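Enquirer: Before I ask anything, here is the structure I am working with.
The values are calculated or read from the model by the stated rules, or taken from the named source; none is laboratory data. Quantities reported herein were computed from a predicted structural model and do not represent experimental measurements. Cβ atoms come from the backbone with ideal geometry, glycine included; neighbour counts cover every protein chain shown. Only protein heavy atoms, including side chains, enter the accessible area calculation; ligands, DNA and RNA are left aside. Shrake-Rupley method; radii C 1.70, N 1.55, O 1.52, S 1.80 Å.
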Amino acid sequence: MTLSLPIDPEANRLLERSPLALLTGMVLDQQIPLEKAFTSPYVLAQRLGHEPDARELAGHDPEALVEVFARPPALHRFPKAMAARVQQVCQVLVDRYDGDAARLWSDAADGRELLRRIGELPGFGKQKAQIFVALLGKRYDVRPEGWREAAGGYGEPEAYRSVADITDPESLRRVREFKQAAKAAARAAKG
């Protein structure tokens, strides 16, 4: 099973075949709708005229990459910061995984190591790392021993908490309801 978001079918296909596109979508998945975040790798490839690899993005002229991200419609609400973040993540891929995004997870010994590796990426705190572990396990069959435990509540079967749980419009609705309830609870806790 793979990710099936309510986005352009070509964008979904890119997420299916390109580990870097999937990781880039996850990098961008903050402070914008998830549909926008996971469509942006496809738009980035269109703007560049080809599917980029990690080495290319890591070595890209930073100002030129910001221009690509900022061109209307911008790939993210904060194009300058997110262009830099994508570039930083790609540099880690080059430095530690020979530029191969799939190596981030393909040779992780267990769920704890997978979570640690993802959590070491720029911009990935514990929650975001757990969501990505869950996404890999639930939609891409990346399931080293202990992956569900490493993903925390996001790894639970039949949970509707994150992008990892979206397979159709109904599951998207349920994930949105969960997120809205979590935000309301956080606001109420602040008093």
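Enquirer: Can you tell me how much longer the chain between Ala181 and Glu120 gets when fully stretched, taken as 0.36 nm per residue apart minus their C-alpha distance, in nm with one decimal?
Expert: Gain in length upon complete extension: 19.1 nm.
Enquirer: A further question follows. Segment 9-97: percent of C-alpha pairs farther apart than 17 Å?
Expert: The answer is 40 percent, as a whole percent.
Enquirer: Provide, in order from the shortest bin, the percent of all Cα-Cα pairs of the chain in each 10 Å bin, continuing until the bin that contains the maximum pair distance.
Expert: Result returned by the calculation: 9, 37, 37, 15, 1.
Enquirer: May I pose another question? At a probe radius of 1.4 Å, what is the per-residue accessible area of Arg173, in Å² to the nearest 10?
Expert: Accessible area of Arg173: about 100 Å².
Enquirer: Taking a quarter of the surface of the convex hull around the Cα atoms of segment 127-189, what do you get in nm²?
Expert: Mean shadow area of the hull around the Cα atoms is 4.3 nm².
Enquirer: Right, something else. State, in angstrom, two size descriptors of segment 87-138 derived from its alpha carbons: Rg to one decimal place and Dmax to the nearest whole number.
Expert: My reading of the Cα-based Rg and Dmax gives 10.3, 28 Å.
Enquirer: For segment 3-41, list residues with backbone N below 16 Å from a point placed 7 Å from the Cα of Arg173 toward its Cβ?
Expert: 6
Enquirer: Could you tell me the distance between the Cα centroids of segment 137-151 and segment 94-133, to the nearest Å?
Expert: 12 Å
Enquirer: Hey, can you find the accessible area per residue of the chain for me, probe 1.4 Å, expressed in square angstrom? Can you show the working numbers first?
Expert: Details: 9410 Å² over 191 residues.
Heavy-atom accessible area per residue stands at 49 Å².
Enquirer: Give me the aspartates and glutamates in straight-line cross-link reach of Lys80: C-alpha distance below 19 Å, same-chain residues under 8 apart excluded.
Expert: Straight-line reach from Lys80, under 19 Å: Asp29, Glu56, Asp61, Glu63, Glu67.
Enquirer: Here is a further query. Which value in nm describes the separation of the simple spin-label points at Arg77 and Asp61, placed 7 Å from the Cα toward the beta carbon?
Expert: With each label point 7 Å from Cα toward Cβ, the separation is 3.0 nm.
Enquirer: Cα to Cα, under 16 Å, and not fewer than 8 places away if on the same chain: which lysines meet these conditions relative to Lys138?
Expert: The qualifying lysines are Lys128.
Enquirer: Would you check the accessible area of Thr39, probe 1.4 Å, heavy atoms only, in square angstrom rounded to 10?
Expert: Ignoring ligands and nucleic acids, Thr39 comes out at about 30 Å².
Enquirer: Could you look at the chain and say what percent of its accessible area is carbon and sulfur, using a 1.4 Å probe and all protein chains?
Expert: In the chain, the share of accessible area belonging to carbon and sulfur is 50 percent.
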